[in-house]
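Right, one structure below, let's go through it.
What follows is calculated from the coordinates using simple rules that are stated; it is not laboratory data. All figures in this text were calculated on a predicted structure; none of them were measured in a lab. Using ideal geometry, Cβ is built from the backbone for each residue, glycine included, and neighbour counts are taken over all protein chains shown.
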Amino acid sequence: MTQPNYNYIAVITDQHVIEPGAKLYGLDTNGSAKRAFDSLAQERLPQAVVTLGDLADTTLEPDRTKAVGSRASYELAKALASEISAPILTIPGNHDDPKLMDEVFPNQWKSRKDGVSTFSFHGVDLISVDVRTGPEATGKIAPKTIEALEEALSRSTGAFIFSHFPLVELDNERINTGLSTTNREALSSIFERYRDRIAHCFSGHLHIWASATVKGIPVTAVPSASFSFSLEPLSAERESVTNTPCGYLLVGIGDDGSVVIRPRFLPGVER
């Protein structure tokens, strides 16, 4: 049997780079982000890096529901990622400022429309979904974004979907009621119609390692590159920081449609 030829991307999320010298929740997220970016810079295989959101954050706003990355945070993130040669495809998270992020990390996606961005990669489409309504990241997918996603999938023969907020339900009440896309049922019919074209869905935000299959589509919650949460199965308890290893994913996409996911484990933040 002939081994398929693989092309690789890296998927990373929730670095939470903040102002130089600061700490978030008493955690050195800048130090952990540096370790993650240094590891990515040493990888030989990835031809693109997809970062799923919360690339930056801030300590300047005490209200965490309003806290978004400052210019100093993005400039530090840019410096930390400067040795990565592959294009970095950014998706804004709930702690990102999309305008600032675009200024510091110029757009690498090939097209953007109504919250959906696409990037052609060796015969498949990388499709990102910005789950926000208006200028704030609410976790609610806008009707125009749903239409743009369906339009992108209708043109695709094989797609990988990326988002900050999870687009499907998982086995945890806290995730499904407070940390996921709130109107995810609006995507149900799209997943039904295009499940033969969707190879995999990746999301961030949860700071956990998890995988599932929903409507026949493989789904992966990508761990934070900075710090991990505890969100145990069948639980409704609020998330708490744990010592679970952090990391990112190396994703190999075969020319026969196969997919290989290799986790890259990293130590979490120093306290």
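Could you work out the local net charge near residue 250, counting Lys and Arg as +1, Asp and Glu as -1, over the other residues with Cβ closer than 12 Å to its Cβ? Value of the local net charge: +2.
Computed from backbone phi with θ = phi - 60° and the Karplus coefficients 6.51, -1.76 and 1.60, the 3J(HN,Hα) list for region 215-221 is 6, x, 9, x, 10, 10, 8 Hz; x is used for glycine and proline.
Ordering 199, 248, 183 by Cα displacement along the dipole of region 6-266 toward the positive end leaves 199 in first place; charges were set at the Cβ atoms of Lys, Arg (+1) and Asp, Glu (-1). Summary value for region 6-266: 19 percent relative contact order, contacts being C-alpha pairs under 8 angstrom separated by 6+ residues. Helices assigned as whole DSSP H runs in the chain whose Cα atoms extend at least 18 Å along their own long axis and whose mean Kyte-Doolittle hydropathy is -1.0 or higher are found at 29-42, 143-155. Every pair of different Cα atoms in the chain enters the Kirkwood calculation, which places the hydrodynamic radius at 18.5 Å. Between 197, 35, 64, the GNM of the chain built on Cα springs shorter than 10 angstrom shows 64 fluctuating the most.
Listed by chain and number, the lysines whose C-alpha is less than 30 Å from the C-alpha of residue 34, apart from same-chain residues fewer than 8 away, are 23, 66, 78, 99, 110.
Set the Cα radius of gyration of region 112-173 against 2.2 N^0.38 Å, with N its number of residues, and you get 1.16. Only one residue of 88, 164, 2 has its Cα farthest out toward the positive end of the dipole of the chain, where Lys and Arg carry +1 and Asp and Glu -1 on Cβ, and that residue is 2.
Comparing mean-square fluctuations of 17, 259, 49 from a GNM of the chain with C-alpha springs under 10 Å, the top value falls on 259.
Based on the alpha-carbon gyration tensor of region 118-271, what equivalent-ellipsoid semi-axes (square roots of 5 times the eigenvalues) come out, in whole Å, largest first?
On the way: eigenvalues 129, 78, 37 Å².
Taking √(5λ) for each eigenvalue gives 25, 20, 14 Å, largest first.
In debye to the nearest 20, how big a dipole does the chain give about its Cα centre with +1 on each Lys and Arg Cβ and -1 on each Asp and Glu Cβ? Dipole magnitude for the chain comes out near 280 debye. Note on region 164-255: Kirkwood hydrodynamic radius from all Cα pairs is 14.0 Å, rounded to one decimal.
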